[in-house]
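Working notes, beginning with the structure itself.
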Amino acid sequence: MTITLTQGILIAVWAMVAGLDCWLQAFYIFRPIIVCTITGLILGDLQLGVIAGGLTELAFAGLTPAGGTQPPNTVLCGIMTVVIAATNKTAPTTAIGLSLPFAMLMQYILLFYYSSFSLFMSKFDKYAEEGNARSFKRLNYIPLTIVVLSFGIVAFLSAYAAQAPMHQLVTSMPQWLTHGFELAGGILPAVGFAMLLKVMLKAQYFPYLLIGFVIASMIPFSNVLPVALIGVVFAMIEYYRSRKDAKVEAKMKELETKGDDMEDGI
Amino acid sequence: MTWKMVSKVEDVKSDKKDTKKKSLFTKHEISMLGIRSNLVQASFSYERMHAPGWTWAQLPFWEKIYKDDKQGLKDVMTDNMEFINSSPPLYPILMGLLLTMEEDHVDRTTIKGLKNALFGPMAGIGDAIFWFTIMPITGGIAASIAKNGNVLGPLLFFAVYVFLFWSRIPLAHLGYNLGTRAIDVIEDNSKIISHVASILGLTVIGGLIASYVKMSLVIKVGTGSGAISLQKQLLDKIFPNLLPFAFVFFLYWLLRKKVSPIWLIVLTFVLAILMSAIGWM
């Protein structure tokens, strides 16, 4: 299929909505699972959107903007995965790999804004010093507008304008390359998990990582809920133990200070 | 957590006991504060992070407090334009807390010191809970449903996050009603909460590595009927999912060596395409 102009415009509008949410992080509709589903709806293939959404969400599981990093953009990745899969009849896993350059393009645009929006700060400072609330509020709409329009333009150009060269590229790809992209889509979650581990893993937490891994390897089950529940069990045990420890510690401190007083007395 | 401002904060607390609190804001207005807390990232930049959005979100409330005090409004706006970075979903509780203090006209340096002491640790807790625990669990479960084409997957995901969106309202009320007592609640619980959130998060990540990183060799070693599948007859016999686990830790090691995440993605693609080209995977 090809993307009609109407569909292209609808995708651009959806990209602006999801892009605004991506910037503010309010409803989390910028995550691939939602972006893909709505894009599928726009292209008239909800089923494809939902499946692609599940797969892309997994690929992006650990790629979060926490800890000051900006991952490849989920809005563009979600939209382009469904667009590429629908227009070229490729498997969604292969499409994830092919959509990544678009996601990285948006990532770098946002990184550019993170730096260049510093230019607005002196204006903000001026309005603050003057106590000019009205102008201060209005100034906030400028960065927001720039971001929202960028999402719309990039999504429209990627999904609508670039579809012919994209189709040519995808159809001319040899089988081993397509399969390679498919494999990469399956391995990609590893990057996100490694990033999560870099932030969270301390030696004392390694046993929990290991037991989660062992349980999921041994229990054949279609989602991570059993593992999550076992995690909750550990968390609860540790919660009550830590609270008890904190109380004991407080008591010890009390006794210590009392001991000091007595020594002084002698 | 070291508490530089302890003595000052204690002063504030004892002051408050004497004066009976008159609330300037209606319940509805405090709910709106919770909703407006979504604006913190509106003008995000590396230089000040959340400062302009943080100020924007609270500006209508300050305008009410400092209605007849132009200098007061100038001061509060200028002070809040300083660098701020914390966890966005926890801002409602912080805004509620600081609004009480602003309303009681607590000394400016005390408020500033409190912000510096509180925001950093809150960022750590927020990230551990929202990005590293709720996100992988919700995303993991919703995706495993959606993968089979069931629209319940995205719906479930959306429902969880709409719930979290509305939870900003009770959080704002909590911060506002507790006032400076919220500091004690946060101080007492922050360490334990981030500790148990890490435990839950890492157990889930362990499970996610096993379930969602797909690496499996198709190559056979040996010739004719004696050929054995490297994956099924060797690696799986040692432990299932051995390759995904090892690869994640290889990437983790690279990250510790300060390799950028972008290079890890490039490496993943190069490896996958290479493996496909030589027919190993």
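The values are calculated or read from the model by the stated rules, or taken from the named source; none is laboratory data. As the structure is a prediction and not an experimental result, all values here were calculated from the model. Glycine also receives a Cβ, built like all others from the backbone with ideal geometry; neighbour counts cover every protein chain displayed.
As an exercise: evaluate A:N73 against (1) polar (S, T, N, Q); (2) in contact (Cβ under 8 Å) with a residue 60 or more places away in the chain; (3) farther than 19 Å from B:T138 by Cα and give the number of the one condition it does not meet.
Of (1) polar (S, T, N, Q); (2) in contact (Cβ under 8 Å) with a residue 60 or more places away in the chain; (3) farther than 19 Å from B:T138 by Cα, only one is false for A:N73: (2).
Here's the yes/no breakdown for (1) β-branched (V, I, T); (2) farther than 28 Å from B:G201 by Cα; (3) under 12 Å from the mean Cα position of the chain (by Cα):
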position: A:A15; (1), (2), (3): no, yes, no
position: A:T37; (1), (2), (3): yes, no, no
position: A:G44; (1), (2), (3): no, yes, no
position: A:F60; (1), (2), (3): no, no, yes
position: A:T74; (1), (2), (3): yes, no, yes
position: A:M80; (1), (2), (3): no, yes, no
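For B:P154, state whether it is in contact (Cβ under 8 Å) with a residue 40 or more places away in the chain and in the same structural domain as B:L33 (by TED's automatic domain parsing).
No: the conditions fail for B:P154.
Could you tell me how many of the residues in region A:98-125 are at the interface with chain B (Cβ under 7 Å from one of its Cβ atoms), small (G, A, S) and touching a helix residue (DSSP H, G or I) at 6+ places or on another chain (Cβ under 6 Å)?
The total comes to 0.
Do the conditions hold for A:F151, that is, is it in contact (Cβ under 8 Å) with a residue 40 or more places away in the chain, in contact with a helix residue (DSSP H, G or I) (Cβ under 9 Å, 6 or more places away or on another chain) and either surrounded by 24 or more Cβ atoms within 10 Å (Cβ to Cβ) or at positive phi (or both)? Spell out how you get there, then give the answer.
On the way: in contact (Cβ under 8 Å) with a residue 40 or more places away in the chain: yes; in contact with a helix residue (DSSP H, G or I) (Cβ under 9 Å, 6 or more places away or on another chain): yes; either surrounded by 24 or more Cβ atoms within 10 Å (Cβ to Cβ) or at positive phi (or both): yes.
Yes; evaluated as a whole, the condition is true for this residue.
Pick from B:G149, B:G140, B:G124, B:G153: which is at positive phi, at the interface with chain A (Cβ under 10 Å from one of its Cβ atoms) and not aromatic (F, W, Y)?
Residue meeting the stated conditions: B:G149.
Identify all residues within region A:32-70 that are closer than 30 Å to B:G120 by Cα and out of contact with any helix residue (DSSP H, G or I) (no Cβ under 6 Å at 6 or more places or on another chain); write none if there are none.
Residues satisfying the conditions are A:P65, A:G68, A:T69.
Specify the residue that is surrounded by the fewest Cβ atoms within 10 Å (Cβ to Cβ); the eligible residues are those in region A:200-214 that are in a helix (DSSP H, G or I) and more than 7 Å from chain B (Cβ to nearest Cβ).
A:A203
Tell me the helices (runs of 4 or more DSSP H) entirely within region B:68-149 that contain at least 2 residues that are at pLDDT 85 or above and of a type in the set (K, R).
B:70-80, B:108-126
Filter region B:134-155 down to residues that are more than 18 Å from A:I29 (Cβ to Cβ) and of a type in the set (S, T, N, Q) and give me whichever is surrounded by the most Cβ atoms within 10 Å (Cβ to Cβ).
Once the filter is applied, the top-ranked residue is B:S144.
Does A:T81 qualify as being touching a residue at least 40 places away in the same chain (Cβ under 8 Å) and in a loop (DSSP other than H, G, I, E, B)? Spell out the reasoning first.
Details: touching a residue at least 40 places away in the same chain (Cβ under 8 Å): yes; in a loop (DSSP other than H, G, I, E, B): no.
The answer is no for A:T81.
List every residue pair whose Cβ atoms lie under 9 Å apart, where the two residues are 6 or more positions apart in sequence or sit on different chains, the first residue falls within region B:72-93 and is over 15 Å from B:G120 (Cα atoms) and free of Cβ contacts under 8 Å to residues at least 60 places away in the same chain, and the second residue, located anywhere, is part of a helix (DSSP H, G or I) and among the basic types (K, R).
Cβ pairs passing all conditions: B:D75/B:R108; B:V76/B:R108; B:D79/B:R108; B:D79/B:K112; B:D79/B:K115; B:N80/B:K115.
Within region B:235-263, which residues are within 9 Å of chain A (Cβ to nearest Cβ), among the aromatic types (F, W, Y) and either surrounded by fewer than 17 Cβ atoms within 10 Å (Cβ to Cβ) or out of contact with any helix residue (DSSP H, G or I) (no Cβ under 7 Å at 6 or more places or on another chain) (or both)?
Those that are within 9 Å of chain A (Cβ to nearest Cβ), among the aromatic types (F, W, Y) and either surrounded by fewer than 17 Cβ atoms within 10 Å (Cβ to Cβ) or out of contact with any helix residue (DSSP H, G or I) (no Cβ under 7 Å at 6 or more places or on another chain) (or both): B:F239, B:F249, B:F250, B:W253.
Among all residue pairs at least 6 apart or on different chains, which show Cβ distances below 9 Å where the first residue, located in region B:208-220, is touching a residue at least 60 places away in the same chain (Cβ under 8 Å) and the second is surrounded by fewer than 16 Cβ atoms within 10 Å (Cβ to Cβ) and in a loop (DSSP other than H, G, I, E, B)?
Pairs that qualify, where the first residue is touching a residue at least 60 places away in the same chain (Cβ under 8 Å) and the partner is surrounded by fewer than 16 Cβ atoms within 10 Å (Cβ to Cβ) and in a loop (DSSP other than H, G, I, E, B), are B:S211/A:F221; B:S211/A:S222; B:L217/B:W280; B:V218/B:G279; B:V218/B:W280; B:I219/B:I278; B:I219/B:G279; B:I219/B:W280.
If only one of A:A194, A:A159 is closer than 30 Å to B:Y252 by Cβ, part of a helix (DSSP H, G or I) and of a type outside the set (K, R), which one is it?
Within the list A:A194, A:A159, the selection yields A:A194.
For region A:215-227, give me each residue that is in a helix (DSSP H, G or I), at the interface with chain B (Cβ under 7 Å from one of its Cβ atoms) and under 21 Å from A:G54 (Cα atoms).
Within region A:215-227, A:A216, A:S217, A:L225, A:V227 qualify.
Looking at A:I230, A:I237 in this structure, which one is over 24 Å from the mean Cα position of the chain (by Cα), at the interface with chain B (Cβ under 7 Å from one of its Cβ atoms) and modelled with pLDDT of 90 or more?
Unique residue meeting the criteria: A:I230.
Picking from A:L169, A:L188, A:L177, which residue would you name as being facing another protein chain (nearest Cβ under 9 Å), over 26 Å from the mean Cα position of the chain (by Cα) and farther than 30 Å from B:K191 by Cα?
Result of the check over A:L169, A:L188, A:L177: A:L177.
Kindly establish whether A:D260 is assigned to a helix (DSSP H, G or I), exposed (fewer than 13 other Cβ atoms within 10 Å of the Cβ), modelled with pLDDT under 85 and not hydrophobic (A, V, I, L, M, F, W, C).
Against the criterion (assigned to a helix (DSSP H, G or I), exposed (fewer than 13 other Cβ atoms within 10 Å of the Cβ), modelled with pLDDT under 85 and not hydrophobic (A, V, I, L, M, F, W, C)), A:D260 qualifies.
From the set of residues in region A:96-148 that are polar (S, T, N, Q) and surrounded by fewer than 16 Cβ atoms within 10 Å (Cβ to Cβ), which is farthest from the chain's Cα centre (by Cα)? Walk me through how you get there before you give the answer.
We begin by selecting, within region A:96-148, every residue polar (S, T, N, Q); these are A:99, A:107, A:115-116, A:118, A:122, A:132, A:135, A:140, A:145.
Adding the requirement that they be surrounded by fewer than 16 Cβ atoms within 10 Å (Cβ to Cβ) leaves A:115-116, A:118, A:122, A:135, A:145.
Numbers: A:S115: 20, A:S116: 22, A:S118: 24, A:S122: 31, A:S135: 33, A:T145: 22 Å.
Out of the qualifying residues, it is A:S135.
Here is a list: A:G49, A:G53. Which entry is closer than 22 Å to A:G8 by Cβ, more than 7 Å from chain B (Cβ to nearest Cβ), touching a Cys at 6+ places or on another chain (Cβ under 9 Å) and modelled with pLDDT of 95 or more?
From the options A:G49, A:G53, the qualifying one is A:G49.
Would you point out the residue of region B:169-217, among those that are under 16 Å from B:M32 (Cα atoms) and buried (at least 24 other Cβ atoms within 10 Å of the Cβ), that is farthest from the other protein chains (Cβ to nearest Cβ)?
The qualifying residue farthest from the other protein chains (Cβ to nearest Cβ) is B:Y176.
Out of A:T93, A:T64, A:T87, I need the residue that is touching a residue at least 12 places away in the same chain (Cβ under 8 Å) and surrounded by fewer than 20 Cβ atoms within 10 Å (Cβ to Cβ). Which one?
A:T87
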